[in-house]
Structure formats: structure tokens, C-alpha cells
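Visitor: Dropping the structure in here first, questions after.
The values are calculated or read from the model by the stated rules, or taken from the named source; none is laboratory data. Keep in mind it's a predicted model, so treat the numbers as computed, not measured. Every residue, glycine as well, gets a Cβ built from its backbone with ideal geometry; the counts of neighbours run over all protein chains shown. Side chains included, ligands, DNA and RNA excluded: accessible areas come from the protein's heavy atoms. Shrake-Rupley method; radii C 1.70, N 1.55, O 1.52, S 1.80 Å.
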Amino acid sequence: MSADLTPPDILRCAYLDLVVTDLARAREFYVDVLGLVVTEEDDEAIYLRTLEEFIHHNLVLRKGPVAAAAAFAYRVRTPEDVDRAEEWFAARGCRTERRADGFAKGIGDSVRVTDPLGFPYEFFHEVAHVERLAWRYDLYTPGALVRLDHFNQVTPDVPKGREYLEDLGFRVTEDIQDAEGTTYAAWLRRKDTVHDTALTGGDGPRLHHIAFATHEKHNILSICDKLGALRMSDVIERGPGRHGVSNAFYLYIRDPDGHRVEIYTQDYYTGDPDNPTVTWDVHDNQRRDWWGNPVVPSWYTEASPVLDLDGNPQPLQVRTDSSEMAVTVGADGFSYTRKGDEDKGFKLGTSL
């Protein structure tokens with residue numbers, strides 16, 4: 001049984017393997033607009049990294065027929081932790097596949113698994129080093145993306161996912177619940193920030209978003225200005241604003257295939273062993289937006305498919321617990337419900 005096995009020592013989320021349908025358009029978006037650095041590329045894939053990264057890549061854009069996430073990849077502490085990952089998931093009855101030369105350029109011995117929620121996870125240790133560009137300020141743009149911060153996954157069973165990821169060694173930093181005990185979302189971390197991945201309740205498995213960090217919130221505002229100057233402001237789905245959960249300043253945008261990207265900054269340290277878990281009431285309207293505009297319906301309902309280990313889209317399972325949107329967003333798609341149905345404030349939208 002996996003309970004008798006030592007889980008792998010996961011360091012951090014490291015890269016996302018993302019399938020796009022038009023590689024040239026995706027390159028324009030992620031390189032020319034967002035400023036990610038090309039490590040290498042060919043006719044089938046582009047390997048990108050952030051400015052402070054020293055491993056080969058944080059994002060693979062891979063050409064394919066269906067826009068989807070092919071792998072959520074985590075770096076582990078030692079080569080032996082790849083063995084532990086393979087054994088731990090196999091003991092849970094999960095499908096695994098191992099490649100000594102890796103699934104992507106620049107990555108060595110790796111194992112990919114279909115996890116208990118249906119997501120494709122990858123674990124690796126061996127990786128090619130590249131130049132860390134932290135000191136190359138001549139290459140920095142006003143909206144410079146400096147780190148990969150986290151993934152966000154949509155699953156119909158947040159409690160199941162939370163339990164399994166805690167068994168895997170993740171720690172919960174924040175969650176959203178209601179008075180009846182329904183869990184709508186959970187944030188889990190390995191590195192000492194708010195999260196390496198989050199679980200959002202909904203039909204799944206699907207990728208909700210990948211998030212890249214900037215140094216300051218003014219970098220995010222510069223990205224907004226750049227998108228406006230390029231007549232691309234319509235790719236902004238939500239924000240800019242500040243989350244209650246994580247306390248981070250954020251912006252959500254959509255790439256040419258509809259994959260959601262968050263630009264993220266200024267969350268907080270969580271590394272102490274007694275770091276308290278923050279629980280938000282689902283009816284607290286500041287949980288998602290500490291201030292700013294209401295969450296748009298597409299943010300709750302739209303997400304990217306994920307692939308199985310053969311490259312086929314995973315079928316969706318319908319969430320049977322209440323959805324966060326259903327219990328908190330009014331019939332107009334913008335206003336919020338509150339305890340006692342007290343209607344006040346501009347966030348109760350009279351949107352045109």
C-alpha cells in the first residue's frame with residue numbers, strides 16, 4: 001500500500017507541458033508579448049523560461065491537434081525521489097510511464113503518472129542548467145516575468161484531491177468552505193509560498209491556469225498597458241486586482257488557444273511548520289477579490305482539457321457538490337449573493 005511507502009520529496013512546480021494548435025501564434029503571445037525567454041525551439045515545440053530560472057524551461061509549447069495540458073511537472077530533491085514517485089503512485093493503482101531520457105528536452109530521468117484525480121503529473125530531478133538572467137537587466141521589460149509560481153487545477157472532488165496531495169507531502173495554506181462543510185477550493189504548497197498548485201471545484205480534470213510571478217504590482221500594470229497599446233486588451237479576462245486568498249496582486253489573460261495565464265505577485269511566506277491554514281467563507285465577497293471587479297462567469301466555468309499518458313483528452317467528470325459560482329453569483333452573472341441577501345455596494349453589478 002502507498003501508506004507504507006515514502007512519497008517523493010517534491011521541491012516545487014517546475015514546468016507545464018502545454019499543447020497549442022498554432023505554434024507561431026503561441027510564440028507571439030508568450031515570447032513577443034509576455035517576454036518569456038526561448039531556451040530552444042524547433043518546428044514541433046518551443047521551450048521557454050522566466051528570467052530568474054536556471055533550469056532548462058518552465059513552459060513547453062507543443063504543437064498538437066487539441067489545445068490541452070499534457071503534464072504538470074514537479075522537480076524532486078534527488079534521483080531516488082523519481083523512484084519513490086513511481087512506486088508511490090503505482091501502489092495507488094495509478095498508471096505510470098518512465099523515460100530515462102525524459103519526456104522533454106533538457107529533462108533527464110522522469111516518471112509521468114495519471115494521478116487519482118485524472119491529471120498527468122511528472123516528477124524529475126535531472127535537468128540541464130541554462131543561464132540565469134537575473135542580472136541581465138538589459139533584457140528586462142517593464143512587465144518582466146521572473147518565476148513560475150503555480151498551477152491551478154479544476155476537479156469535481158476537492159476533498160479527495162486535498163487528502164491525496166497532503167499524503168503526497170503538500171501542505172494546505174488556504175481553503176474556501178461553507179457552513180455545511182462543502183469545500184470549494186484549496187491552495188497547497190511545497191515551496192515556502194502560498195501554493196505550488198490549487199484545486200478549484202468544477203467539472204474536471206481540467207487546467208484552470210498557470211501562473212507566472214513578477215517582482216512588483218507595477219509590472220502587472222505595465223503588462224496591461226502593453227496589451228492596450230497592442231490592441232490586445234480583449235485577452236484580459238479578469239483584473240488587475242488583489243486576491244483575498246493569497247493576498248496576491250493578479251491579472252488573468254487568455255492565450256490564442258484560450259489557455260488561462262495568471263500574472264501574480266506579492267503573496268506571503270508560509271514555511272514555518274506551524275503556519276496556520278486560512279479558511280474563507282464562500283460568501284465572503286473579499287475571498288476572490290479583496291477589491292476590484294466581480295469574478296466574471298467564464299473564470300468559474302471555462303478551463304483547458306488535460307491529456308492522458310497516450311495523449312488523449314481525459315473525459316470530464318461532473319461535480320456533484322455545489323459550485324462556487326452557483327452559490328455566490330447572482331442570475332445576472334455579475335452580482336454576488338450575501339448572507340441575508342443584503343444588497344449593497346457597487347460590486348452588485350448594474351453592468352451593461
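Visitor: Take the Cα atoms of region 194-274, find their three principal axes, and give me the spread along each one in whole Å, biggest first.
Guide: On the principal axes, region 194-274 reaches 47, 33, 17 Å in Cα extent.
Visitor: Would you look at the GNM of the chain, springs on alpha carbons closer than 10 Å, and say which of Thr328, Thr197, Thr155 moves the most?
Guide: Ranking Thr328, Thr197, Thr155 by mean-square fluctuation puts Thr328 first.
Visitor: In nanometres, what is the gap between the two model label sites at Asp101 and Leu221, each 7 Å from Cα along Cα-to-Cβ?
Guide: Roughly 5.0 nm, to one decimal.
Visitor: Where only protein heavy atoms count, and the probe is 1.4 Å, what is the accessible area per residue for the chain in Å²? Intermediate values should be presented prior to the final figure.
Guide: Details: 14780 Å² over 352 residues.
Here the per-residue accessible area is 42 Å².
Visitor: For the chain, compute the number of Lys pairs whose alpha carbons are separated by less than 30 Å, excluding pairs fewer than 8 positions apart on the same chain.
Guide: Final tally of qualifying lysine pairs is 11.
Visitor: Taking every pair of Cα atoms in region 1-153, average 1/r, invert it to obtain the Kirkwood radius, and report Rg/Rh to two decimals.
Guide: My calculation puts Rg/Rh at 0.99.
Visitor: Return an integer: the convex hull volume of the alpha-carbon atoms of region 73-159, in Å³ per residue.
Guide: It is 132 Å³ per residue.
Visitor: Let me ask you something else. From the helices alone, meaning DSSP H stretches of at least four residues, give me the mean residue ellipticity at 222 nm for the chain, per-run term -39500 (n - 2.57), in deg cm²/dmol to the nearest 500.
Guide: -4000 deg cm²/dmol
Visitor: For a quick check, take a GNM of the chain with Cα springs below 10 Å and name the residue from Trp291, Trp135, Trp187 with the largest mean-square fluctuation.
Guide: Trp135
Visitor: With unit charges on the beta carbons (Lys and Arg positive, Asp and Glu negative) and the dipole taken about the Cα centre of the chain, which residue among Leu307, Leu61, Gly292 sits farthest to the positive side?
Guide: Most positive-ward Cα: Gly292.
Visitor: Estimate the FRET efficiency between Asp109 and Asp272 by the formula 1/(1 + (r/R0)^6), using the beta-carbon distance for r and 30 Å for R0, to the nearest 0.05.
Guide: The formula returns an efficiency of 0.35 here.
Visitor: With r as the distance between the Cβ atoms of Lys191 and Val38 and R0 = 25 Å, compute the FRET efficiency 1/(1 + (r/R0)^6) and round to 0.05.
Guide: Working: r = 25 Å, r/R0 = 1.00.
FRET efficiency, Val38 to Lys191: 0.50.
Visitor: Return the carbon/sulfur percentage of the accessible area of the chain, one whole number, probe 1.4 Å, all protein chains in place.
Guide: Carbon-and-sulfur percentage of accessible area, whole number: 49.
Visitor: In whole angstrom, note down how far apart the Cα centers of region 183-251 and region 48-126 are.
Guide: Here the answer is 23 Å between Cα centres.
Visitor: For the chain, modelled as a GNM with alpha-carbon contacts under 10 angstrom, which of Phe119, Phe54, Phe249 fluctuates the most?
Guide: With Cα springs under 10 Å in the chain, the top fluctuation among Phe119, Phe54, Phe249 is at Phe54.
Visitor: Ala179 to Asp310: extension gain in nm, 0.36 nm per residue of separation minus the Cα-Cα distance?
Guide: Here the answer is 43.0 nm.
Visitor: Go ahead and run the numbers for FRET between Asn247 and Arg77, Cβ-Cβ distance against an R0 of 30 Å, rounding to 0.05.
Guide: Plugging the Cβ-Cβ distance into 1/(1 + (r/R0)^6) gives 0.60.
Visitor: Helix by helix, which DSSP H runs in the chain go 15 Å or more along their axis at the Cα atoms and have an average Kyte-Doolittle hydropathy of -1.0 or more? It would help to have the intermediate numbers written out before the result.
Guide: Details: long enough: 79-91 (19 Å, -0.93); 217-229 (19 Å, 0.13).
Those that clear 15 Å and a mean of -1.0 are 79-91, 217-229.
Visitor: How far, in nm, would the chain grow between Leu11 and Asp167 when pulled straight, counting 0.36 nm per residue and subtracting the alpha carbon separation? All intermediate terms of the calculation are to be shown ahead of the outcome.
Guide: Details: separation 156, 0.36 × 156 = 56.16 nm, distance 1.53 nm.
Between Leu11 and Asp167, full extension yields 54.6 nm more.
Visitor: So what is the relative contact order for the chain, in percent, with contacts set as C-alpha pairs under 8 Å and at least six apart?
Guide: Across the chain, relative contact order equals 17 percent.
Visitor: Another question, if that's okay. Under a crude label model (7 Å from the Cα following the beta-carbon direction), how far is Asp234 from Met325 in nanometres?
Guide: The two pseudo-label positions are separated by 2.1 nm.
Visitor: How big is the accessible area of Ile176 in square angstrom, nearest 10, if you roll a 1.4 angstrom probe over the protein chains?
Guide: Accessible area of Ile176: about 0 Å².
Visitor: Based on the mean of other beta carbon atoms within 10 Å per residue, what is the order of 91-99, 237-245, most packed first?
Guide: Working: 91-99: 14.3, 237-245: 19.9.
Going from most to least packed, we get 237-245, 91-99.
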